[in-house]
Amino acid sequence: MPEGDAVWYTARRLHEALAGRPLTRSDFRVPRFATADLTGDVVTETVSRGKHLLTRTSGGLTVHTHLRMDGSWRIRPAAERMADSHRIRLVLANREWQAIGYSLGVVELVRTSQEAEVTGHLGPDLLGPDWDCAEAVRRLGAEPDRPVGEALLDQRNLAGIGNIYKAEVLFLRGINPWRRTGDVADLAAVADLAQRLLEANKERLGQVTTGNPRRGEETWVYGRRGRPCRRCGTPIRSEGQQDRITFWCPSCQV
Ligand SMILES: [Zn+2]
């Protein structure tokens, strides 16, 4: 599942291909917006808000998309013949580029003035221009009994963390994912580290938290069940937490 940094990167690619140009074609392949047509509208920008993508047009409309589990956007030259696929949910094209959205979990059209209806619930955006660590800490702290691993994934607390960064941040801070949020002494340090990891990774594809981009060396605990902890050698454990799997070192994280 793409995390905030990958969504930020996708927003930038969409922005570069679409912004400042009139759309020559739009093709919404979702029932609710099957008849929508943005042809002639100029795309003003694409931005990310947490894991949401907002593509705004001069007509006062916003195309809201979300990658969810395995959505993706591909950008190809407009002249290239597009292989049709039942996974395509949306096509936005101008004279130079076509942006093709595959398996998008959300495709909808909202008034730009009413974007808050789709993103207003989000906590501070880790990669947003208005990142507010104190507000994120306040929200995290509002449910002290909740396991911290769950709280970090809740986009209403802070927006952009997915399963990889959750596991990695908690390892780096020595915190067990089931520890009560109220028992985490320094939530600000947790939020700040998450922000710095996303920031460090946003310009590239793939997530590296160890500083080593070599395949198989990118993470401390994520995806490493049964392998020795890189710090202490204890086998890494994994277990379901809510509806996701979390990874941790039972020795380093208490
Ligand atoms: Zn360890």
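The values are calculated or read from the model by the stated rules, or taken from the named source; none is laboratory data. These figures come from a predicted structure and were not determined experimentally. Here the Cβ positions follow ideal geometry from the backbone for every residue, glycine too, while neighbour counts run over all protein chains shown. Heavy atoms of the whole protein, side chains included, go into the accessibility calculation; ligands, DNA and RNA do not. Shrake-Rupley method; radii C 1.70, N 1.55, O 1.52, S 1.80 Å.
I need the peptides 207-216, 88-97, 116-125 ranked by packing, meaning the mean over residues of other C-beta atoms within 10 angstrom, with the highest value on top. Let's see the in-between values first.
Values: 207-216: 12.6, 88-97: 18.9, 116-125: 16.7.
Packing proxy ranking, top to bottom: 88-97, 116-125, 207-216.
Out of F171, G60, A11, whose Cα points farthest toward the positive end of the dipole of the chain (charges: +1 Lys, Arg; -1 Asp, Glu; placed on Cβ)?
F171
What 222 nm value per residue comes from the helices of the chain, counting each DSSP H run with n ≥ 4 as -39,500 (n - 2.57) and dividing by all residues, nearest 500 deg cm²/dmol?
Details: 6 runs with 59 residues, N = 254.
-7000 deg cm²/dmol, from helical runs alone.
Pick from A194, A78, A136: which residue has the top mean-square fluctuation in a GNM of the chain where Cα pairs under 10 Å get a spring?
Greatest mean-square fluctuation among the candidates belongs to A78.
Counting every Cα pair in region 45-107, what percent are over 20 Å apart? Let's see the in-between values first.
Numbers: 529 of 1953 pairs.
Of all Cα-Cα distances in region 45-107, 27 percent exceed 20 Å.
I'd like the projected area of region 103-207, averaged over all directions, using the convex hull of its alpha carbons. Report it in nm² with one decimal. Walk me through the numbers before you get to the answer.
Values: hull surface 30.6 nm².
Hull-based average projected area comes out at 7.6 nm².
With each pseudo-label sitting 7 Å past Cα toward Cβ, what's the R87-V42 distance in nm, one decimal?
Each label point lies 7 Å from its Cα, and together they span 3.5 nm.
If you roll a 1.4 Å probe over the heavy atoms of the protein chains, what accessible area per residue do you get for the chain, in Å²? The partial results should precede the final answer.
Working: 11890 Å² over 254 residues.
Each residue of the chain exposes 47 Å² on average to a 1.4 Å probe.
Net charge within 11 Å of L193 by Cβ-Cβ distance, Lys/Arg positive one each and Asp/Glu negative one each, not counting L193 itself? Write down the numbers at each step before the final one.
On the way: positive: R173, R196; negative: E168, D186, D192, E199.
That sum, taken over residues with Cβ under 11 Å, equals -2.
Out of L205, L152, L61, any idea which swings most in a Gaussian network model of the chain, alpha carbons joined below 10 Å?
Most flexible of the set in this elastic network: L205.
Count charges around A79 for me, please; just the other residues with Cβ under 14 Å from its Cβ, Lys/Arg as +1, Asp/Glu as -1.
Values: positive: R25, R76, R81, R95; negative: E80, E96.
Here the count lands on +2.
Let me check the size of the chain from its C-alpha atoms; what are the radius of gyration and Dmax in Å?
Rg then Dmax for the chain, in Å: 19.7, 60.
Carbon and sulfur atoms: what percent of the 1.4 Å accessible area of the chain do they account for? All intermediate terms of the calculation are to be shown ahead of the outcome.
Values: 5640 of 11890 Å².
Percent of accessible area from carbon and sulfur atoms in the chain: 47.
Using a ≥ b ≥ c from the Cα gyration tensor of region 1-64 (square roots of the eigenvalues), is it rounded, prolate or oblate, where a/c under 1.5 gives rounded and otherwise the larger of a/b and b/c decides, a/b for prolate? Don't jump to the answer; show the numbers that get you there.
On the way: a/c = 2.24, a/b = 1.39, b/c = 1.61.
Because a/c hits 1.5 or more and a/b fails to exceed b/c, region 1-64 counts as oblate.
Would you please classify the overall shape of region 173-254 from the alpha carbon gyration tensor, given that a ≥ b ≥ c denote the square roots of the eigenvalues, rounded means a/c under 1.5, and beyond that prolate means a/b larger than b/c while oblate covers the rest? Let's see the in-between values first.
Numbers: a/c = 1.66, a/b = 1.10, b/c = 1.51.
Oblate.
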